[in-house]
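Data first, discussion second: the structure below is written as structure tokens.
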């Protein structure tokens, strides 16, 4: 069975860091494919530097991982017992307002790009803005160019109106790689039913997260499987996967960069709050990638059959990548 994690936040590319323990956790969890976070706020040059670091990391640890560029790569790499790494960004700040950079970054291996991250941009609104502007004129061009270049549109941190606009303007299925249904776990990061229904109509996939800040009360294995079952009932089994949002090694410095980049002096709390500002306590049953099989176990305990479990654990994402990745 193929396991796919549609969002891993761990900064495995960090220089002078021993990546092996975190990579060994991924292998121990039998994860065949994971989308990693190459960047958040970096400009074009900084983003290219990040891609170089990820490529170096993969080359240095090619017994454990390999960067994948096609769905066929994913199958080949996972069949070899390693993890296929998909290069993804949680913001397309690397474009710097240049539409032509979509193709350049796609040719460099970027497979997934989130339209906005936590603040308003020249593309559209964030989930944390008081007023969501919707997709801008430039944003509409970016959406169509990402379609043309086979770069998946991720809408996880994107405002609801901008998300709906992007789904409407996208010629291809879109992704919500790490989020949960707001009807069960109210949070600005989570998606209302209107967005979930639009995602279904678009033939997209959502990766349900175990990140405590956006999981609400659904943090035990039993409750999380209930959240999965509710989502399946709402939008159908083919549209549900897993996006853990795990950060294995980042620490507070990484968390602060993630939350505020260079755009604010005041402390930003992201999905947390002033009274809940640091890394979150572990769940106990699903604390890092090595425990990915526990998700399969809790889905079986919930009553999902063999075919359904396989779809949620990874097949839905693989089929999605087959539909959306394109070779230039």
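Worth pointing out:
- In the stretch 284-294, residue surrounded by the most Cβ atoms within 10 Å (Cβ to Cβ) [restricted to those that are assigned to a helix (DSSP H, G or I) and in contact with a helix residue (DSSP H, G or I) (Cβ under 7 Å, 6 or more places away or on another chain)]: 289
- Answer residue from the stretch 161-174, given it is touching a helix residue (DSSP H, G or I) at 6+ places or on another chain (Cβ under 7 Å) and closer than 17 Å to residue 194 by Cβ and is surrounded by the most Cβ atoms within 10 Å (Cβ to Cβ) among those: 163
- Looking at 123, 153, just one residue is without any contact (Cβ under 8 Å) to a residue 60 or more places away in the chain and within 23 Å of residue 208 (Cβ to Cβ), and that residue is 153.
Here's the yes/no breakdown for (1) part of a helix (DSSP H, G or I); (2) over 21 Å from residue 273 (Cβ atoms); (3) in contact with a strand residue (DSSP E or B) (Cβ under 6 Å, 6 or more places away or on another chain):
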site	(1), (2), (3)
168	yes, yes, no
176	no, yes, yes
185	no, no, no
194	yes, yes, no
206	no, yes, yes
234	yes, yes, no
238	yes, yes, no
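- Filtered residue count, the stretch 252-283, keeping only those that are free of Cβ contacts under 8 Å to residues at least 12 places away in the same chain and assigned to a loop (DSSP other than H, G, I, E, B): 9
- In the stretch 216-243, the residues that are under 14 Å from residue 285 (Cα atoms) and touching a residue at least 12 places away in the same chain (Cβ under 8 Å): 218, 219, 220, 221, 222, 224, 225
FYI, it's all coordinate maths here, none of it is from the lab. It should be emphasised that the depicted structure is a prediction, and the values quoted were computed from it without experimental measurement. When we count neighbours, we look across all protein chains shown, and the Cβ atoms used for this are built from the backbone with ideal geometry, even at glycine.
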